[in-house]
1. State which residue is nearest to Pro145 (Cα to Cα) when the search covers only the stretch 179-212 and only residues that are hydroxyl-bearing (Ser, Thr, Tyr) and without any contact (Cβ under 8 Å) to a residue 40 or more places away in the chain.
2. Kindly indicate whether Ala509 is part of a helix (DSSP H, G or I), touching a helix residue (DSSP H, G or I) at 6+ places or on another chain (Cβ under 6 Å), in contact (Cβ under 8 Å) with a residue 40 or more places away in the chain and surrounded by 15 or more Cβ atoms within 10 Å (Cβ to Cβ).
3. Restricting attention to the stretch 201-227, which residues are of a type outside the set (S, T, N, Q), over 29 Å from Thr272 (Cβ atoms) and within 52 Å of the chain's Cα centre (by Cα)?
4. Looking at (1) assigned to a strand (DSSP E or B); (2) out of contact with any Pro (no Cβ under 8 Å at 6 or more places or on another chain), which one does Phe627 not meet, given that it meets all the others?
5. Going through the stretch 22-61 one residue at a time, which ones are within 28 Å of the chain's Cα centre (by Cα) and either outside the structural domain of Glu131 (by TED's automatic domain parsing) or in a loop (DSSP other than H, G, I, E, B) (or both)?
6. Can you spot a residue in the stretch 706-716 that is surrounded by fewer than 19 Cβ atoms within 10 Å (Cβ to Cβ), assigned by TED's automatic domain parsing to the domain that holds Trp513, among the aromatic types (Phe, Trp, Tyr) and out of contact with any His (no Cβ under 9 Å at 6 or more places or on another chain)?
Amino acid sequence: MEHDDVLPVLYDLVVTIGSELSVKPLLTRTLQRLLYHTSYSAGFVCLNVPPCKAEDGQVEVRLDAVVGDFDLVGVIGKPIVLPRALICQSASRETEQTALLSALRCTQTQYKSCLRLPINHSGMIVLLAAEMPETNLPLTTMLQPVLAHLAKAVILCSHNDAYTSGLVNQRDLLEKVFESSYSGVMITDADRHIVEVNPAFTRITGYSSEEVQGKDPHMLASGRHDHDFYRELWEDIGNNGHWEGEIWNRRKNGEVYPGWLNINRVCDSTGTLHYYVGMFSDISKRKQAEAQIHHLAFYDPLTELPNRRLLIERLQQAFSFGARSGQHGAVLFIDLDNFKTINDTKGHETGDLLLSEVARRLTSCVRDGDTVARLGGDEFVVVLESLKTGADEAAAQADLVAEKIRDLLSQPYRLAEYVYHTTPSIGVVLFLGHRQSLDDVMKHADTAMYQAKTAGRNTVRFYDPVMQASIEARADLEEELRYALELQQLCLHYQIQMDSRNRPLGAEALLRWQHPERGLVSPAQFIPLAEETGLIVPIGLWVLQTACVLLNNWQGDASTRDLTLAVNVSAKQFRSPDFVTQVQRTLVDTGAKPSLLKLELTESIVLENVEDTIAKMRELKLLGVSFSMDDFGTGYSSLQYLKRLPLDQIKIDQSFVRDIVNDPNDAAIVRTIIVMSEVLGLNVIAEGVETQAQRDFLDSRGCHAFQGYLFGRPVPLQDFEASLKA
């Protein structure tokens with residue numbers, strides 16, 4: 001809540017208080033509005049709090065009203081015991097009060113923060129929330145005038161509950177409330193002639209008390225309501241003694257405004273009617289706010305196009321229309337090609353200008369009954385209605401519109417003093433009535449758009465079931481991968497690493513998925529999937545733990561006790577806040593020697609956050625863990641960060657080793673990497689060594705550690721250990 005919003009809030013609260021004539025609804029409605037404006041989740045009111053002595057730990061009170069907590073609602077009117085610190089202290093907004101609020105034995109909800117609002121010398125409002133609502137406003141100070149007004153209203157309503165006929169006799173007692181009410185008050189006699197109005201009436205309508213004395217309230221009518229409206233209004237008052245609702249009135253200056261009006265009959269003990277009391281408020285700002293909220297809820301603030309929520313409603317309407325008319329409709333899913341490049345290089349302001357112009361062009365391509373919406377980012381959706389009844393003719397119509405859009409969006413964009421170019425990829429899917437679900441239509445349109453991307457961009461593609469089958473197969477694989485670890489389908493294979501004298505240095509642990517039906521699933525197929533879904537984090541931890549258990553087991557054999565074990569670490573795993581702790585705990589739990597554990601990082605991990613990477617590496621280096629940079633040379637290698645990283649080893653990527661004997665460029669790159677490693681004091685190992693010629697070339701240039709098919713393929717642990725003994 002910003003400071004500009006304070007007055008409407010106070011206004012709403014005072015209107016709420018001033019519109020009630022009985023204590024219980026007064027307290028309940030006030031609580032509801034306080035919770036709404038302060039974002040607390042629950043609250044209660046105690047009107048009669050007994051004197052609290054300093055040494056009292058608890059106080060017995062009665063809850064007069066509760067909102068937001070069903071358990072507390074159940075004890076309204078019953079005596080309960082509450083902590084003195086919660087119910088007796090002054091106004092305060094506090095958080096982290098778990099211990100104090102846990103004393104609320106009468107509710108199962110766990111609250112952690114509270115807001116105390118005294119309403120008189122012995123009354124207290126307490127608002128509760130699980131988390132402290134965010135606000136920069138001094139709520140206790142801001143709400144003090146409202147609480148003073150509430151205290152007066154409680155007195156008024158208490159007397160009104162006891163005897164309505166006391167209204168006139170208690171006129172002097174209630175004069176201050178009448179005069180200070182933020183709501184307009186108008187009292188008429190039984191013949192509906194105005195006998196009294198308060199200052200708020202004059203402020204809202206512009207009419208002074210003298211100008212309206214003896215007049216019929218109909219003088220305020222705006223002309224927007226017909227005779228039936230007023231007839232039903234007075235019938236309700238006659239039958240129920242009360243009417244409440246929205247009404248349009250006219251000020252003295254002729255301005256028409258919306259108001260919220262309460263009219264009540266005032267009768268004596270015999271039932272004889274004496275007065276009508278009307279209380280009303282100007283709700284113009286609330287109506288404006290509601291309109292603004294509605295616009296924000298259904299329209300994109302940048303382009304003024306319908307957002308996803310309104311798009312779904314329009315699409316549902318199009319489905320219903322198609323079901324009635326038998327006419328097809330179409331959804332066009334549009335994504336701008338290379339928009340991210342423009343947005344990142346030229347700035348978000350330029351990107352916003354481009355999106356606004358795209359929205360304008362899209363709107364110009366469709367009919368009035370069609371819908372253009374923005375989903376977010378650079379994604380737009382067009383819904384075409386009332387196409388032909390035949391699928392072929394409807395597809396031709398949709399294709400015509402799609403090509404028109406493609407052509408127009410491909411035209412240059414002059415934004416400020418520069419000209420930019422972008423093109424759209426458009427996916428199209430037809431629908432007819434409710435034969436397809438809304439989710440399926442949107443999913444198919446999105447799939448078709450990606451087909452357009454795959455086809456080279458700046459093109460239109462209709463939904464292809466073959467691609468959808470491929471996507472569904474990928475989804476099935478993802479679902480099965482989620483249970484692979486639990487079902488013990490994952491395993492590690494080990495590929496040996498050798499030195500120039502053909503002695504084993506260690507091995508790299510490589511993840512494999514042995515599926516009971518699919519067989520051995522390619523790592524290239526499931527590891528990217530694990531990265532995208534976040535499954536790589538628990539899987540990576542399992543790999544680390546399995547490798548460390550093996551290192552500890554190897555300590556009992558002279559042939560394996562000095563072997564290192566390299567483990568690949570993914571970006572998401574490394575970025576986990578507790579990654580260092582996970583490694584430390586794993587080493588302690590398994591008893592593995594840290595010096596034999598080598599973590600392999602890729603350049604992309606380092607580049608994502610260099611400072612964070614260095615900090616984590618240094619922490620692990622203190623334990624004795626070593627680091628190798630995997631796939632070196634394939635990314636954006638920079639000596640600027642390389643010299644700062646606490647690395648132990650650089651691994652030459654197999655893409656350079658493959659043609660090292662025949663390709664002078666690869667040979668030069670490898671020589672450079674080896675020399676650079678020597679200068680930086682780093683070890684170097686080459687992967688993908690498959691021939692003796694490659695091995696000899698590397699050995700002669702200073703690379704004396706190797707990994708590849710020449711020495712052994714990745715194999716299960718049993719085969720790996722057997723090869724060591726052989």
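The values are calculated or read from the model by the stated rules, or taken from the named source; none is laboratory data. Keep in mind that this is a model prediction, so the values were computed, not measured. We place every Cβ from the backbone using ideal geometry, glycine too, and count neighbours over all the protein chains shown.
1. In the first step, residues of the stretch 179-212 are kept if they are hydroxyl-bearing (Ser, Thr, Tyr); the result is 180-183, 188, 202, 205, 207-209.
Add one more test, that the residue is without any contact (Cβ under 8 Å) to a residue 40 or more places away in the chain, and what stays is 180, 202, 208-209.
Details: Ser180: 11, Thr202: 21, Ser208: 26, Ser209: 26 Å.
My answer is Ser180.
2. Values: part of a helix (DSSP H, G or I): no; touching a helix residue (DSSP H, G or I) at 6+ places or on another chain (Cβ under 6 Å): yes; in contact (Cβ under 8 Å) with a residue 40 or more places away in the chain: yes; surrounded by 15 or more Cβ atoms within 10 Å (Cβ to Cβ): yes.
Spelling it out, it is not the case that Ala509 is part of a helix (DSSP H, G or I), touching a helix residue (DSSP H, G or I) at 6+ places or on another chain (Cβ under 6 Å), in contact (Cβ under 8 Å) with a residue 40 or more places away in the chain and surrounded by 15 or more Cβ atoms within 10 Å (Cβ to Cβ).
3. Result: Arg203, Ile204, Gly206, Tyr207, Gly223, Arg224, His225, Asp226.
4. The single condition Phe627 does not satisfy is (2).
5. Listed by number, the residues that qualify are Ser39, Tyr40, Ser41.
6. Yes.
For (1) under 18 Å from Ile536 (Cα atoms); (2) of a type outside the set (A, V, I, L, M, F, W, C); (3) out of contact with any Cys (no Cβ under 8 Å at 6 or more places or on another chain); (4) not in a loop (DSSP other than H, G, I, E, B), each residue gets a yes or a no:
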residue	(1), (2), (3), (4)
Val567	yes, no, yes, yes
Lys572	yes, yes, yes, yes
Thr586	yes, yes, no, yes
Ser595	no, yes, yes, yes
Leu601	yes, no, yes, yes
Glu611	no, yes, yes, yes
Ile614	no, no, yes, yes
Arg618	no, yes, yes, yes
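The rows are residues; the columns are (1) out of contact with any Gly (no Cβ under 9 Å at 6 or more places or on another chain); (2) crowded, with 20+ Cβ neighbours inside 10 Å; (3) not hydrophobic (A, V, I, L, M, F, W, C).
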{"site": "Gly259", "(1), (2), (3)": "no, yes, yes"}
{"site": "Gln288", "(1), (2), (3)": "yes, no, yes"}
{"site": "His295", "(1), (2), (3)": "yes, no, yes"}
{"site": "Pro306", "(1), (2), (3)": "yes, yes, yes"}
{"site": "Ile312", "(1), (2), (3)": "yes, no, no"}
{"site": "Leu315", "(1), (2), (3)": "no, yes, no"}
{"site": "Asp337", "(1), (2), (3)": "yes, yes, yes"}
